[in-house]
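A short write-up of the structure that comes next.
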Amino acid sequence: MRTPERTFPADFTFGVATSAYQVEGGIENDWAEWERAGRLKEPHARCGRAVDHWNRYEEDYRLATAVGATAFRISLEWARIEPERGRFDEAALEGYRERLLKMKAHGLTPVVTLHHFTHPTWFHRETPWHQPESVEVFRRYSRRCAALLEGLDARVITFNEPMVLLLGGYLQGAIPPGIADGALTMKALENLVRAHVVARREVGERLGRVETGISQNMLAFAPDRWWNPLDRALVRLGGQAYNHAFHEALSTGKLRVNMPGVATTRVDIPEARDSAEFVGVNYYSRAHLRFVPRPPFIEFKYRDTQGRGLTDIGWEDWPEGFLQTLRDVKRYGKPVWITENGIDDRSGTRRPQYLHTHLGQVLAARAEGVDVQGYLYWSLLDNFEWLEGWGPRFGLYHVDFDTLERRPTPACDYFRRVATGRKLVAPL
Ligand code: FCB
């Protein structure tokens, strides 16, 4: 048997990932409205100043380089850049430009997400994703973003986890804009694919050849009852819809979702064919699916099948699914970037082991010929975790949410050893 590769090549990128709303602070957008409406699990939690990354960015770039990172993923906050429809805030654009230049000066290559879940408050009222005008509105915004990336050699992610946005925001109504309608979800999906295409075009026109793609949340799925044909059908259809429909549309130009009784679509979008330079994978866990005989027909659960203990947010620790996921995206024939992977570990003691097992799967995938080129850990810092608020801690650095002081967790040292030594050593 071949011994799996234990080293990362010199051109493999290690980096960290963040998103604007979760770290910057001082942002007024659809999420801030959602919080005030008491829609989070903890109805009084507010993102507010977040972890003040907007002001502490230089310190945070230093923290990133201290763990051996050479890439830093941020997102641009649309609500800062276009606070009113059609009015662009030059100071905000300048502010981002300044931060990106500093990032470069620290030896960090920017990975820039144009859209990471949040919207300006006017967006859902005026041009929500299920309306065709949303595409043009996003094109205009992307044009401004492209201009501020000039000369930076950034990698661009148009959308973070579009299926999570759709599932949460349009199908379950659990996140903004709080719609629960299968047909509108499919309309919105189609427009998100089109919006990716026009944004990528804007970026390309302005900057020449730029690597542009999306980040997709990809779960490993398993039937809750292995012997049950309905559970198994859910795994097949749900896995296809959730993990692959979007990637596939950007590869083939054919958008296909087939979830009978929930949402279905079949549209050809020829301009979406071959419209991504890389496949972005956010991998965290595995979910078990069970058929229930009433809408929405699916029950979704995380199970601790191996006795490893669920992570603190309640997700299964399932590194095996990472390899499977990476094998599954080989079909797109593009380089693969891990744009997020991480663990909510509130004590900070499990993270080195999580990194070890998950990076091991990345090496195993590479040994099988999957062209994984980079790994961005979610996240550099503890931050505001959407519906869960301030409970979870995904950070390599622990943040005291009162004083905002950043303190290394044991994973910092481990990450640095692997990122700089290029060897998958065992945690101490
Ligand atoms: C992903 C999101 C990211 C973060 C992690 C834990 O789904 O993209 O913003 O919340 O989960």
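The values are calculated or read from the model by the stated rules, or taken from the named source; none is laboratory data. Here the structure is a predicted model, which is why all the values come from computation and not from measurement. Please note: Cβ atoms are built from the backbone with ideal geometry, for glycine as well, and neighbour counts cover all protein chains shown.
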Collect the residues in the range 218-235 that are buried (at least 19 other Cβ atoms within 10 Å of the Cβ) and polar (S, T, N, Q), keeping them in residue-number order.
none
Residue hits (the range 1-45; touching a residue at least 12 places away in the same chain (Cβ under 8 Å) and basic (Lys, Arg)) are 2, 6, 39, 41
Among the residues of the range 168-182, are any assigned to a strand (DSSP E or B), away from the ligand (no atom under 16 Å from the Cβ), free of Cβ contacts under 8 Å to residues at least 40 places away in the same chain and not charged (D, E, K, R)?
no
Being surrounded by fewer than 20 Cβ atoms within 10 Å (Cβ to Cβ) and either of a type in the set (Ser, Thr, Tyr) or away from the ligand (no atom under 16 Å from the Cβ) (or both) narrows it down to one residue among 113, 127; which is it?
127
Inter-residue pairs, beta-carbon under 7 Å, first more than 25 Å from residue 279 (Cβ to Cβ) and in the range 309-328, second away from the ligand (no atom under 15 Å from the Cβ), 6+ apart
310/304
Is there a residue in the range 54-74 that is within 16 Å of the ligand (Cβ to nearest atom), touching a residue at least 24 places away in the same chain (Cβ under 8 Å), basic (Lys, Arg) and surrounded by 20 or more Cβ atoms within 10 Å (Cβ to Cβ)?
yes
Give the residue, chosen from 346, 308, 350, that is more than 29 Å from residue 263 (Cα to Cα), within 16 Å of the ligand (Cβ to nearest atom) and surrounded by fewer than 19 Cβ atoms within 10 Å (Cβ to Cβ).
346
Residue list for the range 389-408, filter: within 19 Å of residue 65 (Cβ to Cβ), crowded, with 21+ Cβ neighbours inside 10 Å and touching a Lys or Arg at 6+ places or on another chain (Cβ under 6 Å)
397, 399
Looking at the range 353-382 only, could you name the residues that are within 16 Å of the ligand (Cβ to nearest atom), of a type in the set (A, V, I, L, M) and touching a strand residue (DSSP E or B) at 6+ places or on another chain (Cβ under 6 Å)?
376, 380, 381
Can you name the number of the only condition in (1) closer than 25 Å to residue 352 by Cβ; (2) within 21 Å of the chain's Cα centre (by Cα) that residue 328 fails?
(1)
Mind listing whichever residues of the range 151-167 are in a loop (DSSP other than H, G, I, E, B) and in contact with an Asp or Glu (Cβ under 7 Å, 6 or more places away or on another chain)?
none
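Checking the conditions here, which among 286, 290 is within 16 Å of the ligand (Cβ to nearest atom), touching a Phe, Trp or Tyr at 6+ places or on another chain (Cβ under 9 Å), assigned to a strand (DSSP E or B) and not aromatic (Phe, Trp, Tyr)?
On the way: 290 fails: within 16 Å of the ligand (Cβ to nearest atom).
From the options 286, 290, the qualifying one is 286.
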Which of (1) touching a helix residue (DSSP H, G or I) at 6+ places or on another chain (Cβ under 7 Å); (2) surrounded by fewer than 20 Cβ atoms within 10 Å (Cβ to Cβ); (3) of a type outside the set (Phe, Trp, Tyr) does residue 356 not meet, given it meets every other one?
(1)
Within the range 185-234, which residues are polar (S, T, N, Q) and either without any contact (Cβ under 8 Å) to a residue 60 or more places away in the chain or within 16 Å of the ligand (Cβ to nearest atom) (or both)?
215, 216, 217
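Can you name the residue in the range 194-253 that is among the basic types (Lys, Arg) and over 30 Å from residue 151 (Cβ atoms) and is also farthest from the chain's Cα centre (by Cα) among such residues?
Start the filter on the range 194-253 by keeping residues that are among the basic types (Lys, Arg), which leaves 194, 200-201, 206, 209, 225, 232, 236.
Filter once more, keeping what is over 30 Å from residue 151 (Cβ atoms): 225, 232, 236.
Details: 225: 29, 232: 27, 236: 23 Å.
That would be 225.
Okay, residues lined up against (1) at pLDDT 95 or above; (2) surrounded by fewer than 22 Cβ atoms within 10 Å (Cβ to Cβ); (3) touching a strand residue (DSSP E or B) at 6+ places or on another chain (Cβ under 6 Å):
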{"site": "145", "(1), (2), (3)": "yes, no, yes"}
{"site": "153", "(1), (2), (3)": "yes, yes, no"}
{"site": "158", "(1), (2), (3)": "yes, no, yes"}
{"site": "164", "(1), (2), (3)": "yes, yes, yes"}
{"site": "169", "(1), (2), (3)": "yes, no, no"}
{"site": "178", "(1), (2), (3)": "yes, yes, no"}
Sole residue being under 30 Å from residue 169 (Cα atoms), in contact (Cβ under 8 Å) with a residue 60 or more places away in the chain and part of a loop (DSSP other than H, G, I, E, B), chosen from 119, 124:
119
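Would you please name the residue that is nearest to residue 220 (Cα to Cα), looking only at residues in the range 271-283 that are away from the ligand (no atom under 16 Å from the Cβ) and in contact with a strand residue (DSSP E or B) (Cβ under 9 Å, 6 or more places away or on another chain)? Outline the logic, then answer.
Of the range 271-283, the ones away from the ligand (no atom under 16 Å from the Cβ) are 271-278.
When the remaining residues are screened for being in contact with a strand residue (DSSP E or B) (Cβ under 9 Å, 6 or more places away or on another chain), the result is 272-273, 275-278.
Values: 272: 26, 273: 26, 275: 25, 276: 23, 277: 24, 278: 20 Å.
In this case the residue turns out to be 278.
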So is residue 385 farther than 20 Å from residue 71 by Cβ and within 11 Å of the ligand (Cβ to nearest atom) or not?
yes
Taking helices (runs of 4 or more DSSP H) that do not extend beyond the range 1-76, which have at least 3 residues that are more than 21 Å from residue 106 (Cβ to Cβ) and within 21 Å of the chain's Cα centre (by Cα)?
30-36
Filter the range 371-388 down to the residues that are in a loop (DSSP other than H, G, I, E, B) and among the charged types (D, E, K, R), then identify the one that is surrounded by the fewest Cβ atoms within 10 Å (Cβ to Cβ).
371
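Could you go through the range 301-317 and let me know if any residue there is part of a helix (DSSP H, G or I) and charged (D, E, K, R).
Within the range 301-317, none of the residues are part of a helix (DSSP H, G or I) and charged (D, E, K, R).
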